[in-house]
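Okay, so here's the structure we're looking at.
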Ligand SMILES: Cc1cc2nc3c(=O)[nH]c(=O)nc-3n(C[C@H](O)[C@H](O)[C@H](O)COP(=O)(O)OP(=O)(O)OC[C@H]3O[C@@H](n4cnc5c(N)ncnc54)[C@H](O)[C@@H]3O)c2cc1C
């Protein structure tokens, strides 16, 4: 069969999640003459916020910073998936982005040709099965960082003999009836902390079964400064900017304090829990992690709802190891036993490298792990490509906005130089530089990253090869990056 005829664009954006829609906005705003298309496998925009439909699904960071810098957020800081989708929908409508997006377009391969100086994408349409081909000068990967099709579930002994239902939050069955039933949620990350209060009142009882505790940050789902500014009739654009600055300032202080005064931060977090569960509540072992705060993302608990569910007796916590599943529940290493009709495995996801798309560069399959990241967004030996990998501790979108500005600036710079290809490459002075893991495991170590670090690019010990995961450094460094420091090679 003849190869399908290709459609060509200056820029190809992969994914219509918060990063891809943001990229499309910035490109249209900062480079109105650049042609582009957003290719998205799902039937609509939203990414993470469309994939996840479990009860209570909501953000765990505030929307003043998870929202884009250019579009004011006017609701409560922590938002439901529905509210986030509505916000993204407004961005699409207000900026006429819809005509640039192709839904149900799943990229199955990406090939760079130095001779043609362009990328070729093979694409399968989800609705018709049609095979399509797109070509583009620049590839902007906004495909996220985890596999959307299904989550990560560890193998436990006896799972197959369990008579109840085992459900992963990422593939939540629409018709799951948990009313009056005994539910065990395995895990204590943000997903478990969201699910449990949302289900608690309807279940017979819900137990959070954790191997080790997590830090929780219980606080009202409101922002005092935002409320005051609204009372004063300050325009929403100003409120958005002021409250973003205030939140980022406060977060920076928490990050610094977690490094230098971890005990103080721990106490502050514990006080938030005691406010709901009472001064005499024994926090150990369920709520007292051994690591210092912020080594993993702090799970924000709006209005302390998880702790209210515990105080009401609808939910409880067990800290133990799973020995095996039985026909009717879970046997624990301590010898205890949990009855369960439904087990929810809130055990995280599988990292997906470059959207699981096979990449080829001039006929050679790309080994992404052998590349070195340029500021964690472009990669040695990969021409004309950027990947949006956001922050863990701060909101993802802060970095999506920074990278979008960078890509637009880089494209301007290439125009000025008359270059059509840009490829990061280590310079002679980088020859002896230490190469380090993509993310410093001492600094941040969630399971999905630890399981897959060997598949990810490395970072260098010096700039511009570092991937610091530090918004407060990037905020100054990325807009100031010298595009002619020799690390970006133009042709
Ligand atoms: C439950 C949950 C809650 C979270 N809460 C927060 C939070 O509160 N704050 C925060 O900062 N971060 C949070 N995160 C991290 C979150 O994933 C990011 O913040 C952000 O939503 C990622 O946006 P993205 O657009 O980069 O990627 P995604 O949301 O993952 O979207 C990527 C898109 O690319 C598409 N795609 C992938 N591969 C292909 C392909 N081969 N072909 C075509 N399309 C493809 C996908 O279908 C998807 O629509 C959360 C993550 C989860 C799982």
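The values are calculated or read from the model by the stated rules, or taken from the named source; none is laboratory data. Bear in mind that the values here come from a model prediction, so they are computed numbers and not experimental data. When we count neighbours, we look across all protein chains shown, and the Cβ atoms used for this are built from the backbone with ideal geometry, even at glycine.
Going through (1) surrounded by fewer than 21 Cβ atoms within 10 Å (Cβ to Cβ); (2) within 15 Å of the ligand (Cβ to nearest atom); (3) within 18 Å of residue 237 (Cα to Cα) one by one, residue 60 falls short only on (3).
Somewhere in segment 393-402, is a residue in contact with a strand residue (DSSP E or B) (Cβ under 8 Å, 6 or more places away or on another chain) and in contact (Cβ under 8 Å) with a residue 12 or more places away in the chain? No - not one qualifying residue is present in segment 393-402.
Within segment 63-105, the set of residues being under 26 Å from residue 230 (Cβ atoms), without any contact (Cβ under 8 Å) to a residue 60 or more places away in the chain, assigned to a helix (DSSP H, G or I) and more than 9 Å from the ligand (Cβ to nearest atom) comprises 82, 83, 85, 86, 87, 89, 90, 93, 94.
Taking segment 24-44 on its own, how many of its residues are more than 7 Å from the ligand (Cβ to nearest atom) and either in the same structural domain as residue 221 (by TED's automatic domain parsing) or not in a helix (DSSP H, G or I) (or both)? Step through it out loud before you land on a result.
Taking segment 24-44 and keeping what is more than 7 Å from the ligand (Cβ to nearest atom), we get 24-38, 43-44.
Adding the requirement that they be either in the same structural domain as residue 221 (by TED's automatic domain parsing) or not in a helix (DSSP H, G or I) (or both) leaves 31-38, 43-44.
The total comes to 10.
Considering the conditions (1) at pLDDT 95 or above; (2) under 22 Å from residue 45 (Cβ atoms); (3) exposed (fewer than 13 other Cβ atoms within 10 Å of the Cβ), residue 123 is excluded by exactly one of them, (3).
Kindly evaluate residue 8 against the criterion of being within 15 Å of the ligand (Cβ to nearest atom), over 21 Å from residue 403 (Cα atoms) and either surrounded by fewer than 18 Cβ atoms within 10 Å (Cβ to Cβ) or touching a residue at least 12 places away in the same chain (Cβ under 8 Å) (or both). The answer is no for residue 8.
Out of 61, 19, one residue alone is modelled with pLDDT under 95 and assigned by TED's automatic domain parsing to the domain that holds residue 390. It is 61.
Okay, residues lined up against (1) more than 30 Å from residue 294 (Cβ to Cβ); (2) touching a helix residue (DSSP H, G or I) at 6+ places or on another chain (Cβ under 6 Å):
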position: 8; (1), (2): yes, no
position: 64; (1), (2): no, yes
position: 73; (1), (2): no, yes
position: 76; (1), (2): no, no
position: 86; (1), (2): yes, no
position: 96; (1), (2): yes, no
position: 102; (1), (2): yes, no
position: 107; (1), (2): yes, no
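Note on segment 357-369: among residues that are within 21 Å of residue 488 (Cβ to Cβ) and in contact (Cβ under 8 Å) with a residue 24 or more places away in the chain, the one that is surrounded by the most Cβ atoms within 10 Å (Cβ to Cβ) is 359.
Residue by residue, here is whether (1) in contact with a helix residue (DSSP H, G or I) (Cβ under 8 Å, 6 or more places away or on another chain); (2) assigned by TED's automatic domain parsing to the domain that holds residue 191; (3) assigned to a strand (DSSP E or B); (4) over 30 Å from residue 276 (Cβ atoms) holds:
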residue	(1), (2), (3), (4)
306	yes, yes, no, no
316	yes, yes, yes, no
327	yes, yes, no, yes
389	yes, no, no, yes
408	yes, no, no, yes
